[in-house]
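Here is the structure we will look at.
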Amino acid sequence: MSAPFLVKICGLSTPASIDAAVDAGADMIGLVHFARSPRHVDADAAARLADHARGRAAVVLLTVDADDALLDALVARIRPDVVQLHGREDVARVAAVRARTRLKVAKALGIASADDVDRARDHDRGSADYLLFDAKPPKDATRPGGLGAPFDWDLLAGAAFATPVLLSGGLGPTNVGEAVRRTRPAGVDVSSGVESAPGVKDDAKIRAFVAAARAAAAEIAPPEDAARGAADASTRQTRQR
Ligand SMILES: O=C(O)c1ccccc1N[C@@H]1O[C@H](COP(=O)(O)O)[C@@H](O)[C@H]1O
């Protein structure tokens, strides 16, 4: 059986929005530690949110070009399951963070051209546990992600990676299904697309996003997984009666 499809909801900053994501069926919740983001949470707030989510969803700590001292402090305080590196970290830095923290690492890579997809292959050598493809930010952007901008999914056509790929960048409830069907990722990640305003998560959009992602994932699942999924759903329904 193949690995389960992953849904990550990023940029959560309240216990209520974590509950909404977990109740909707998210596998991963993201906490953004980057001061220029409207979703920034400081170390203490992130630690409280991580404790709120722990055991119910994997906690992903998002940092941007954090140095060792900052990473050590954040990891010790927040105790995440995964560190998302959303800056200019190179292959050596990704490997060093993985070795230092002993945590899973998701490396975000900005995609705007076929060359960017080729460059992403440098990271497909075992240094990262996930490759997270996001739109490449414009040069004058105030942050490297969380911009609600999609990239041209056709750039991934025919591209195969050994490392599980999480698709992100401008996803939302209305386009995640098409994105999953066209790119067949291992999972999806969203922030802006499930908000009512920058940094303010919308529970209904979170529910709609997770449902649409799961429905599309079921369509692209190998036949044996689809059969197992149907059997699991039927067992769940029988138990509920
Ligand atoms: O969410 C942010 O503010 C953010 C800040 C700095 C780096 C990354 C950030 N978010 C990540 O960007 C992608 C795409 O987000 P969106 O759905 O297009 O808004 C996602 O991985 C977020 O986790």
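The values are calculated or read from the model by the stated rules, or taken from the named source; none is laboratory data. A quick note: this is a predicted structure, and the numbers were derived from the prediction, not measured. Please note: Cβ atoms are built from the backbone with ideal geometry, for glycine as well, and neighbour counts cover all protein chains shown.
Quick test for you: out of D154, D189, D122, D129, pick the one residue that is surrounded by 23 or more Cβ atoms within 10 Å (Cβ to Cβ) and closer than 25 Å to A3 by Cα. I'd like the intermediate steps shown before the answer.
Values: D154 fails: surrounded by 23 or more Cβ atoms within 10 Å (Cβ to Cβ); D122 fails: surrounded by 23 or more Cβ atoms within 10 Å (Cβ to Cβ); D129 fails: surrounded by 23 or more Cβ atoms within 10 Å (Cβ to Cβ).
Result: D189 is the single residue among D154, D189, D122, D129 that is surrounded by 23 or more Cβ atoms within 10 Å (Cβ to Cβ) and closer than 25 Å to A3 by Cα.
The residue list A95, A99, A106, A76 contains one member that is touching a residue at least 24 places away in the same chain (Cβ under 8 Å) and over 18 Å from I9 (Cα atoms), which is A95.
Selection of first residues in the stretch 120-147 that are of a type in the set (S, T, N, Q) and of second residues that are outside any loop (DSSP other than H, G, I, E, B) and within 15 Å of the ligand (Cβ to nearest atom), restricted to Cβ pairs under 9 Å at least 6 apart or on distinct chains, gives the following pairs, ordered by first then second residue: S127/V105; S127/K107. Considering the conditions (1) under 13 Å from the mean Cα position of the chain (by Cα); (2) free of Cβ contacts under 8 Å to residues at least 24 places away in the same chain, Q84 is excluded by exactly one of them, (2). Screening A57 against (1) surrounded by fewer than 13 Cβ atoms within 10 Å (Cβ to Cβ); (2) under 19 Å from V188 (Cβ atoms) leaves a single unmet condition, (1).
Under the condition of being more than 18 Å from L156 (Cα to Cα), among the acidic types (D, E) and more than 19 Å from the chain's Cα centre (by Cα), the residues counted in the stretch 105-142 number 1.
If you go through the stretch 1-39 and keep only what is within 16 Å of the ligand (Cβ to nearest atom), surrounded by fewer than 19 Cβ atoms within 10 Å (Cβ to Cβ) and either without any contact (Cβ under 8 Å) to a residue 12 or more places away in the chain or over 13 Å from D202 (Cα atoms) (or both), you end up with D27, A35, R36, P38. P198: surrounded by fewer than 19 Cβ atoms within 10 Å (Cβ to Cβ), within 9 Å of the ligand (Cβ to nearest atom) and at pLDDT 95 or above, yes or no? Criteria met by P198.
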